[in-house]
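Everything below concerns the one structure shown next.
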Amino acid sequence: MPRAHAADVLLVSLGSTAGLRRADDELQDSLRRAGAHVAIARVFPPEPAPTMMLTDLAWASAARRAAGEIIEQQRSSPARAVIYSTTTAALFWHRAGAIRFDALAAGNRRGRHGLWQRPLERRRLRQAPLLLPWSDGSLEGSRAAAARDHTLVLPVPVAPSGAPAEQRDIAAVTYAANPSKKGLDRVLAAWRQLRAGPSARGAGDGRGGDGEELVIAGASAAQLELAGLLTAGEPGVRVLGALTSDDFRALLRRARVFVCAPRREDYGIVQLEALADGCQLVTTPAPGPYAALPIARELDARLVGDDLAGALRVALEQPLADYAARARVALAPFTREAADRVVAERLLPRLLA
């Protein structure tokens, strides 16, 4: 049972993306519901760096500082276990601990982008007492990690954010916090192709016509215009910029479709949230541990493929009536209740053994 004078678990939260922050908050809450006393070391974001190697160096160093401050405070009564959120947070660790990750540098830092990270990551994976991948696919690129017998898959829970809107008045939503990685150029090309097609004659007919909008969240209009992805005032496209999690989920509850074309997907929390909130998921296949991809194929294979404009047209014109209901069933392994069972029955006993 948790002790009054010390933490059971120290969680080192890198938090370099909104998805990572949500995942860490969920894990912290789940551990507490299981009866653990949790201390959290939140990493202060470093200054932007020009390359991935320098970016990871800055974040790993910031994680070491944040963890070191908490470990020093706990010196007389240290936490019984440590969880590092991402392998980057663990690279310069003070103390060995479990590592939770959506993807490995072995998979998403290939070539010159991960020259120093990959070998150090392999060492940390061997040293860690427990590995906590978000999915089986998270082990991509590491034979050593995949072969370990002390690996526990711990998905990030997703749940509906509220009651769906009475009328889904938004045709499509996409998320573009990293426009190149998320393939916003391909999404915009597909949307323009759809609007230029036969359906464009019927404004407001639910077919991507003149009365329909693609809503872009996660990036500002100025950023997208500067990158050459968008022209000011483009018809049929509305840019909302960065949104709070609550505002973004409210947007999903009004949308008929969530569309994306990632060049690589390390997990895809946003896509899972879109499914949970009743959106149809239109997506291209992508390398990486894309958790929502097999679910999307199972729900409606017509909406998954390289013909993004065609898939959008099908979703808007010929939606399956039971899509949202089947999506709720498919997301059962990702519920908060399922995650709590894994944490209480399998994770916490192993951490504190």
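The values are calculated or read from the model by the stated rules, or taken from the named source; none is laboratory data. None of the values given here were measured: they were computed from a predicted structure. Positions of Cβ are generated from backbone atoms using ideal geometry, with glycine treated the same way; all protein chains shown enter the neighbour counts.
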Residue in the range 25-33 that is surrounded by 16 or more Cβ atoms within 10 Å (Cβ to Cβ) and not in a helix (DSSP H, G or I) present: no
From the options Leu312, Leu316, Leu347, residue that is aliphatic (A, V, I, L, M), part of a helix (DSSP H, G or I), under 20 Å from Ile83 (Cβ atoms) and more than 21 Å from the chain's Cα centre (by Cα): Leu347
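For the range 150-167, indicate whether the set of residues that are among the polar types (S, T, N, Q) and more than 30 Å from Glu212 (Cβ to Cβ) is non-empty.
The answer is yes, given that some residue of the range 150-167 is among the polar types (S, T, N, Q) and more than 30 Å from Glu212 (Cβ to Cβ).
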Residue check, Ala327 in a helix (DSSP H, G or I) and under 26 Å from Thr17 (Cβ atoms): yes
Candidates Leu139, Leu115, Leu120, Leu104 - the one that is exposed (fewer than 15 other Cβ atoms within 10 Å of the Cβ) and more than 22 Å from Pro349 (Cβ to Cβ): Leu115
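Residue-by-condition table, conditions (1) in the same structural domain as Ile269 (by TED's automatic domain parsing); (2) modelled with pLDDT of 95 or more; (3) in a loop (DSSP other than H, G, I, E, B):
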{"residue": "Arg3", "(1), (2), (3)": "no, no, yes"}
{"residue": "Gly19", "(1), (2), (3)": "no, no, no"}
{"residue": "Leu57", "(1), (2), (3)": "no, yes, no"}
{"residue": "Ala63", "(1), (2), (3)": "no, yes, no"}
{"residue": "Val82", "(1), (2), (3)": "no, yes, no"}
{"residue": "Thr88", "(1), (2), (3)": "no, yes, no"}
Single unsatisfied condition, Ser161 versus (1) at pLDDT 90 or above; (2) surrounded by 19 or more Cβ atoms within 10 Å (Cβ to Cβ): (2)
Flag if Arg201 is modelled with pLDDT of 80 or more and of a type in the set (D, E, K, R): no
Single residue of Gln271, Gln280 found to be over 19 Å from Asp185 (Cβ atoms), surrounded by 14 or more Cβ atoms within 10 Å (Cβ to Cβ) and under 18 Å from the mean Cα position of the chain (by Cα): Gln280
Residue list for the range 89-104, filter: free of Cβ contacts under 8 Å to residues at least 60 places away in the same chain and under 16 Å from the mean Cα position of the chain (by Cα): Phe101, Leu104
